[in-house]
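Undergrad: Just passing along the structure, written as structure tokens.
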Amino acid sequence: DAGITQSPRHKVTETGTPVTLRCHQTENHRYMYWYRQDPGHGLRLIHYSYGVKDTDKGEVSDGYSVSRSKTEDFLLTLESATSSQTSVYFCAISRGLSSYNSPLHFGNGTRLTVT
Amino acid sequence: EDQVTQSPEALRLQEGESSSLNCSYTVSGLRGLFWYRQDPGKGPEFLFTLYSAGEEKEKERLKATLTKKESFLHITAPKPEDSATYLCAVLNQAGTALIFGKGTTLSVSS
């Protein structure tokens, strides 16, 4: 699992409540990513980080915010959860995708259900 | 727009029946094409990276090849344990993230 821990692994929450997902890495990689995976859509990038306090938006960032105060931790927050955010969320890390032979390595995901 | 299309969506094979999965892509100036394997309930597991047309990579029964417009994942004499979803991705034009296809779900029966 390339030293990536996602927590919680499963969560059920109600519409309108805030939710925070955590990704912790032990590899000291600079880059961290949050993807969501939905049937019929595949993996889609939400946000990514290229260093402590340095983040940028991905393809489906609306309704999500992120924070990275330490190299090893990357938090994904749903400010006010909606049913459309029911999904499986994956954290990934990389030394740098533009570097040769430095792919993404994924955690095992968090299954979030918004009722 | 950077885009990845995989076909077929699903493939059923008998054990030992070789076949290929296709990944076609549109990206300006390919900087890397990645293959992953995903088992149910798990995160994607990295298999290969290909960088230039003509390049090939092998791992056990899997061989990935790359042309200027597509990549193939060839599976030779598959076994039931090769059953999984195989994902293809390309590095986006900015070089900042991977763009994934929707995957091909492979089922190998004995």
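Undergrad: Tell me, what HN-Hα J-couplings in whole Hz come from the Karplus equation 6.51 cos²θ - 1.76 cosθ + 1.60 at θ = phi - 60° for each residue of the stretch A:66-74, using x for Gly and Pro?
TA: Using θ = phi - 60°, the values come out as 9, 8, 9, 9, 9, 3, 7, 10, 9 Hz.
Undergrad: Enter the accessible area per residue of the protein assembly as shown (Å², integer; probe 1.4 Å; all protein chains in place).
TA: I get 47 Å² per residue for the protein assembly as shown.
Undergrad: Sequence gap at least 6, Cα distance under 8 Å: using those rules, report the relative contact order of the stretch B:49-110 to the nearest whole percent.
TA: RCO, the stretch B:49-110: 24 percent.
Undergrad: Let me ask another. Express the relative contact order of chain B as a whole percentage, based on alpha carbon pairs under 8 Å and six or more residues apart in sequence.
TA: The value is 37 percent.
Undergrad: At q = 0.14 Å⁻¹, what log₁₀ I(q)/I(0) does a Debye calculation on the Cα points of the stretch A:1-66 give, no solvent, two decimals?
TA: Scattering profile of the stretch A:1-66, log10 relative to I(0): -0.49.
Undergrad: With every atom except the alpha carbons ignored, what do you get for Rg and Dmax of the protein assembly as shown, in angstroms?
TA: Cα-based Rg and Dmax for the protein assembly as shown come out at 17.5, 51 Å.
Undergrad: Ok, one more. Suppose we look only past 25 Å in the calculated P(r) of chain A. What percent of the Cα-Cα pairs does that tail hold?
TA: 15 percent
Undergrad: Would you mind giving the total buried accessible surface between chains B and A, with a 1.4 Å probe and ligands, DNA and RNA left out, rounded to the nearest 100 Å²?
TA: Counting protein atoms only, the buried area is about 1600 Å².
Undergrad: Which one, A:GLY16, A:SER94, A:VAL66, projects farthest toward the positive side of the charge dipole computed for chain A from Cβ point charges (K/R +1, D/E -1)?
TA: A:SER94
Undergrad: Show log10 I(q)/I(0) for the stretch A:43-90 at q = 0.14, 0.15, 0.24 Å⁻¹, two decimals, from a solvent-free Debye sum over equal Cα scatterers.
TA: Each listed q maps to, in turn, -0.34, -0.39, -0.93.
Undergrad: Please get the size of the charge dipole for the protein assembly as shown, origin at its Cα centre, with Cβ charges of +1 on Lys and Arg and -1 on Asp and Glu, quoted in debye to the nearest 20.
TA: 260 debye
Undergrad: Shifting gears a bit: Could you size up the charge dipole of the stretch A:38-115 around its Cα centre, putting +1 on the beta carbon of Lys and Arg and -1 on that of Asp and Glu, and report it in debye to the nearest 20?
TA: Around 180 debye, computed over the stretch A:38-115.
Undergrad: What is the stretch A:1-92's relative contact order, in percent, from Cα pairs under 8 angstrom and six or more apart in sequence?
TA: That works out to 34 percent.
Undergrad: Per residue of B:35-45, how many C-beta atoms from partner chains lie within 10 Å of its own C-beta, taken as a mean?
TA: 5
Undergrad: Pairwise over distinct Cα atoms, reciprocal of the mean inverse distance: report the Kirkwood radius of chain B in Å, one decimal place.
TA: It works out to 13.9 Å.
Undergrad: Separate question: Can you pull the mean other chain C-beta count within 10 Å for peptide A:100-108?
TA: If you average over the peptide's residues, the count of other-chain Cβ atoms is 5.
Undergrad: Further, regarding this structure: About its Cα centre, what dipole magnitude does chain B give when the only charges are +1 on Lys and Arg Cβ and -1 on Asp and Glu Cβ, stated in debye to the nearest 20?
TA: For chain B, the charge dipole is close to 140 debye.
The values are calculated or read from the model by the stated rules, or taken from the named source; none is laboratory data. Treat the numbers as computed from the prediction; the structure is a model and nothing was measured. Reconstructed Cβ throughout: ideal geometry from the backbone, glycine too, with neighbour counts over all protein chains shown. Side chains are part of the model used for accessible areas, which takes the heavy atoms of the whole protein and leaves out ligands, DNA and RNA. Shrake-Rupley method; radii C 1.70, N 1.55, O 1.52, S 1.80 Å.
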